[in-house]
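Peer 1: This is the structure, below, for whatever I ask next.
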Amino acid sequence: MKNSAKPRPLSIRDEREVVSLRDLSARVGSDPLLVQASNGNTSIKLDGILWIKASGKLLAHAMQEEMLVPLELAEVKASIQNGAEIASPYASKDELRPSIETAMHAILRHRVVIHVHSINAIAWAIRLDGPDQLKERLAGLYWRWIPYAASGMPLAREIEKAVASAPETDVLILGNHGLVVCGQDCQTAEKLLCEVERRLAITPRRFPKPDTTVLAMIARFSRWQFPDIASLHALGTDAVSRKILKGGVLYPCQAIFLGQTMPLLPPAVVISKSSERFNGNDGTPAFVAVERSGVMLNEKMTSAERATLIGLAQVTQRTEESAQLRYLNREEVTDVLSKGAHGYKEVVVMEEKSSGEIKKLDRERKTVYHRNACVS
C-alpha cells in the first residue's frame, strides 16, 4: 500500500456515523454473551475508507479511547486480490493495527459489519448438524453457514465464495467461530443482531453446586481463588460439560487463551498431590477444573483468559449431550496458535497492562447489556 500522511477529513455526516459505530461497538462489547475480552470487531465504509476496529482493542472501550483504523478500501481489496498483507497507510509503527478480520469486512458489500463471538451462535456453530438445526430458526432471513476457516484471508475467501451467488446475504454463521451481521447503517445492523440473537437463544443447562470442601484444599495455596462467577463451576460439576471439554478444542479463542487441553483433575489427585500441582510454579495453569467439585482460578489469570473461560462455560451449558460436535483438528489448532495465523494474544496482554480499567470492566460486564440491549 502507498503511504499517506492522514486520511481525508470526514464530513459532518460521516463523523456522526463513526460516532454511531463507536456507540454501537461499546454496547455490543459490553455484553459477555456477544463479546469476550478483545474478540469481535466492527466496521463502517465511508467515502472509500474502511474504518475498522484495531487488533487487541476492546469494543467495550470504543467511547473511551481511539480504536478505529482507517484504511483505503480500494487498496485493501487490491491487497486481498494479490494476497498481500493489509496494513494502514496512515499508521506509524507505534499506532493501531487493523483487525485480523479486515479482509472479511472489506469483501462484504454492506456499509456496516458486526462480527461477534456470540455464545448462542457458537453453541450452534460447533454442531455437525448446525446448518440443519438453524434452517427453521433463521427462516426468512438472508443467512449462510460458513464452514470453519482460519481467521484472516482464508475466512474472507470462504465468505466471498458463499455470498457471490447470494449478494443479499446479511447474516453469516461461522462454523466453530461466531456470528456476522451486516446492514446499511448502525441502527439496521444492530436491530438485525438483536433479532438473530433472539432466534438463536438457548437456555443454559442447570448444573450441580460446587464441592467447597475439595476446592478449599486448593484455596489453601495463596495464588488460588474461588470464582466470583458461579457458572464457571459447571466446567467441573456438570458431567455433560466435562465430556464436551475432554473432546478437544471447540473454537480458536479457547486454544489461544486457555490452551489445547483442559486442566481437569479428579478429586483424589487434588487431595493427594495438591502441593505438587498448586505451588505456584511457572507451569501452573490459569485455572483448574476438578471433576464433580468445581473450578478454581489462579490469581495470575489475565482478564482475557477469565473472559474466555466464562464464555466457554456458557457455550458448554448450552450444548446438548446428544449433539454431535465438530472439534478443531490438530492442524487447525496448530495454525491458530502460530503467530502468523493468529498472533494477537500478546497484543491483548499489552493492552491489559496499559489499561487500569480492564478489571473494572470485567466487573461491569456481569450485568449483561445495557441501553438498547438485545435480550436473549
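The values are calculated or read from the model by the stated rules, or taken from the named source; none is laboratory data. Note that the structure is predicted; figures quoted are calculated from it, not measured. Glycine gets a Cβ as well: all are built from the backbone with ideal geometry, and neighbour counts include every protein chain shown. These area figures cover heavy atoms from the full protein model, side chains too; ligands, DNA and RNA do not enter into them. Shrake-Rupley method; radii C 1.70, N 1.55, O 1.52, S 1.80 Å.
Peer 1: What are the extents of the Cα atoms of the stretch 49-149 along their three principal axes, listed from largest to smallest and rounded to whole Å?
Peer 2: Each principal axis gives a Cα extent; for the stretch 49-149 these are 47, 35, 22 Å.
Peer 1: Within 10 Å, count the other beta carbons around each residue, average over each peptide in 202-213, 34-45, and list them highest first. Before the final figure, lay out the partial values.
Peer 2: Values: 202-213: 14.1, 34-45: 26.7.
Highest mean packing first, the order is 34-45, 202-213.
Peer 1: OK, next. At a 10 angstrom cut-off on C-beta neighbours, averaged per residue, how do the peptides 329-338, 251-260, 24-33 rank from highest to lowest?
Peer 2: Peptide ranking by packing, descending: 24-33, 251-260, 329-338.
Peer 1: Can I ask one more? What Kirkwood Rh does the stretch 186-268 have if only Cα atoms enter the pairwise 1/r average? Answer in Å.
Peer 2: Final number for the Kirkwood radius of the stretch 186-268 is 15.8 Å.
Peer 1: Residue by residue through the stretch 201-213, which ³J(HN,Hα) values in whole Hz follow from phi under the Karplus form 6.51 cos²θ - 1.76 cosθ + 1.60 (θ = phi - 60°), with glycine and proline marked x?
Peer 2: 4, 10, 6, x, 6, 6, 9, x, 5, x, 8, 5, 5
Peer 1: Still on this model: Could you give the nm distance between label points at residue 136 and residue 85, where each point is 7 Å from its Cα heading toward the beta carbon?
Peer 2: Between residue 136 and residue 85, the simple spin-label model gives 5.0 nm.
Peer 1: Something else now. With every protein chain left in place, what is the accessible area per residue of the stretch 147-251 in square angstrom, probe 1.4 Å?
Peer 2: Normalised by residue count, the accessible surface of the stretch 147-251 is 43 Å².
Peer 1: For residue 20 and residue 246, FRET efficiency with R0 = 51 Å and r from the beta-carbon atoms, rounded to 0.05? Could you put the intermediate results ahead of the total?
Peer 2: Values: r = 44 Å, r/R0 = 0.87.
After rounding, the FRET efficiency stands at 0.70.
Peer 1: Follow-up question, since we're still on this one. How high is the FRET efficiency from residue 268 to residue 228, r the C-beta distance, R0 41 Å, rounded to 0.05?
Peer 2: 0.90
Peer 1: In the stretch 191-340, what percent of the accessible surface is made up of carbon and sulfur (1.4 Å probe, ligands and nucleic acids excluded)?
Peer 2: 49
Peer 1: Run the simple label-point estimate for residue 78 and residue 165 please: 7 Å along Cα→C-beta, distance reported in nm.
Peer 2: Modelled inter-label distance: 3.3 nm.
Peer 1: Tell me the carbon and sulfur percent of the accessible area for the stretch 102-175, rounded to whole percent, probe radius 1.4 Å.
Peer 2: Numbers: 1340 of 2650 Å².
Summing carbon and sulfur atoms, their accessible area is 51 percent of the total for the stretch 102-175.
Peer 1: Could the peptides 60-72, 133-145 be put in order, highest first, of the mean number of other beta-carbon atoms found within 10 Å of their residues?
Peer 2: By packing density, highest mean first, the sequence is 60-72, 133-145.
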